[in-house]
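Following: one structure in structure tokens, then a few remarks.
The values are calculated or read from the model by the stated rules, or taken from the named source; none is laboratory data. Source: prediction; values computed, not measured. In this analysis, Cβ positions are derived from the backbone assuming ideal geometry, glycine residues included, and neighbour counts consider all displayed protein chains.
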Amino acid sequence: DSIIASNYEDWLRKGIHVITPNKKANSGPLYEYLRLRALQRQSYTHYFYEATVGAGLPIISTLRGLLETGDRILEIEGIFSGTLSYIFNNFKDGRAFSEVVAEARDEGYTEPDPRDNLSGIDVARKVIILARESGLKLELSDIPVENLVPEPLRGSSSAEEFMQQLPKFDEELTEILKDAESSGEVLRYLGVVDVSNEKGVVELRRYKKDHPFAQLSGSDNIIAFTTRRYRNQPLIVRGPGAGAQVTAGGKFNDILRLASYLGAPS
């Protein structure tokens, strides 16, 4: 991914348009991101990346539409990981966390090594992309991330060893879950862009069962935009945020947009 992303600058300079679901370029070093955006404007080329956040969901385009029509973003918060959405939608009713992770892995919702999902770095990259789209000049290292991989297992030699050892660490999350459930709440793994305070965070949060974030199912993503225009009732985008078909749909939508910009009839 990083190798491909490193070519974008050269391609744009040569007048080649870029459409990508690759998060590495827009969540990499800030100076590289700013240089890429400046180059894209100077070279009159198009650089579209809707599928970097939420696959085929209209998240980047919604954010841009708000900004371009004069709205001011206050906060963006959401469940950006289909994997972690699935895990916390099913982590309930006395089930062990390790059991749900194993189920998610067996169903193909996780990476081959679930630590790649549980570390939260993928969610942090999406937070950075949205933060920069909102005008914040943040680095990935500026985002505090709650790593769900138990510290002793972060250096496990293999995914299999990690899965074997994970049940030993179920107790801590079970206590957190019981405490939430006793208050009528659920656990959700959130990415947050606090535009007003120019910061972001990735962490486990608790929500009452009538909150939109508590009502997800499967591996759906949900993103809430709180803005000057949508202050009292956030603008919500919800739907499947992972999978080959919806990701392909997001990229195809960008291709159609590019064709329109280049003069194809609408």
Does any residue in the stretch 24-41 that is more than 13 Å from residue 52 (Cα to Cα) and free of Cβ contacts under 8 Å to residues at least 40 places away in the same chain come within less than 6 Å, Cβ to Cβ, of a residue that is crowded, with 18+ Cβ neighbours inside 10 Å and among the aliphatic types (A, V, I, L, M) six or more places away or on a different chain, and which pairs are these? 39/12; 40/12
For the stretch 139-153, what are the residues that are farther than 22 Å from residue 51 by Cα, touching a helix residue (DSSP H, G or I) at 6+ places or on another chain (Cβ under 7 Å) and in a helix (DSSP H, G or I)? 153
Residue pairs meeting the criteria (Cβ under 8 Å; at least 6 apart or on separate chains; first surrounded by fewer than 18 Cβ atoms within 10 Å (Cβ to Cβ) and of a type in the set (Phe, Trp, Tyr), in the stretch 213-231; second modelled with pLDDT of 95 or more and in a loop (DSSP other than H, G, I, E, B)): 230/71
Would you pick out the residues in the stretch 104-138 that are at pLDDT 95 or above, hydroxyl-bearing (Ser, Thr, Tyr) and either part of a helix (DSSP H, G or I) or within 22 Å of residue 152 (Cβ to Cβ) (or both)? 119
So in the stretch 74-103, with the set limited to residues that are more than 12 Å from residue 174 (Cα to Cα) and in a loop (DSSP other than H, G, I, E, B), which one is modelled with the highest pLDDT? 80
How many residues are over 16 Å from residue 221 (Cα atoms) and small (Gly, Ala, Ser) when one looks only at the stretch 98-132? 5
Boolean, residue 256 is over 29 Å from residue 95 (Cβ atoms), aliphatic (A, V, I, L, M), more than 16 Å from the chain's Cα centre (by Cα) and modelled with pLDDT of 95 or more: no
